[in-house]
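Contents: one structure, followed by commentary.
The values are calculated or read from the model by the stated rules, or taken from the named source; none is laboratory data. All of these numbers come straight from a predicted model, not from anything done at the bench. So basically every Cβ, Gly included, is an ideal-geometry build from the backbone, and we count neighbours across all protein chains shown.
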Amino acid sequence: MLNALYYPHTSVRDENFMKHALLYWDEIEYIAPWEGFNPLPRYSNKTTQLLAKFFKPHVPKQTG
């Protein structure tokens, strides 16, 4: 499975990017500041649930 990390924003701002990205990668991770962060607040819950299959949060963890 191929995946990518979306950077530098916490949410995908361009719908065309989402469409093209899913042609290249099976899964796209975005940097989330905390667990449960909603990266797509402007979309309906149904759309957010569908996109959640492809867009996964990557929450940085402190090492040390």
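Let's see how each residue does on (1) assigned to a strand (DSSP E or B); (2) in contact with a Phe, Trp or Tyr (Cβ under 6 Å, 6 or more places away or on another chain); (3) in contact (Cβ under 8 Å) with a residue 24 or more places away in the chain:
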position	(1), (2), (3)
5	yes, no, yes
13	no, no, no
20	no, no, no
30	yes, yes, yes
35	no, no, yes
46	no, no, no
56	yes, no, yes
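For the stretch 14-56, the candidate set comprises residues that are among the charged types (D, E, K, R) and surrounded by 12 or more Cβ atoms within 10 Å (Cβ to Cβ); within that set, the residue that is modelled with the lowest pLDDT is 56. Scanning the stretch 49-64 for residues that are among the basic types (Lys, Arg) and over 14 Å from residue 9 (Cα atoms) turns up 53, 61.
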